[in-house]
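Undergrad: Dropping a structure here in structure tokens format, bear with me for questions.
The values are calculated or read from the model by the stated rules, or taken from the named source; none is laboratory data. All values reported here derive from a predicted model rather than from experimental measurement. FYI the Cβ positions are ideal-geometry reconstructions off the backbone, even for glycines, and counts take in every protein chain you see. Side chains are part of the model used for accessible areas, which takes the heavy atoms of the whole protein and leaves out ligands, DNA and RNA. Shrake-Rupley method; radii C 1.70, N 1.55, O 1.52, S 1.80 Å.
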Amino acid sequence: MSKFEIHDLDVNAFIKEISNCKGQIWMTTPEGDKINLQSAFCRIVGLMSVVQGGKLSKATIECEDPDDESRLFRLNLYGKVD
């Protein structure tokens, strides 16, 4: 699994894309908390810690599936998947 940093990402678009992912998605907060984003409860708790003004402030993402990583990386870089 490789990691990439996300920042200033639209939360609604990010959650929608996580729902389309096949493997486990892990978010590590700046404080070092590691959160499984495939769990709805963990997603709520985890995102609350890094959301500022409706956008993700900063976190690191790890994906089990390379396709999921590519999808979320493109969303982070371009603001869209397609």
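Undergrad: For GLN52, all conditions in the list (1) within 19 Å of LYS3 (Cβ to Cβ); (2) open to solvent by 90 Å² or more (accessible area, probe 1.4 Å); (3) modelled with pLDDT under 85 hold save one; what is the number of the exception?
TA: Going through (1) within 19 Å of LYS3 (Cβ to Cβ); (2) open to solvent by 90 Å² or more (accessible area, probe 1.4 Å); (3) modelled with pLDDT under 85 one by one, GLN52 breaks only (1).
Undergrad: From the set of residues in segment 21-45 that are within 15 Å of GLU5 (Cα to Cα) and at pLDDT below 85, which is surrounded by the most Cβ atoms within 10 Å (Cβ to Cβ)?
TA: Looking at residues that are within 15 Å of GLU5 (Cα to Cα) and at pLDDT below 85, I get THR29.
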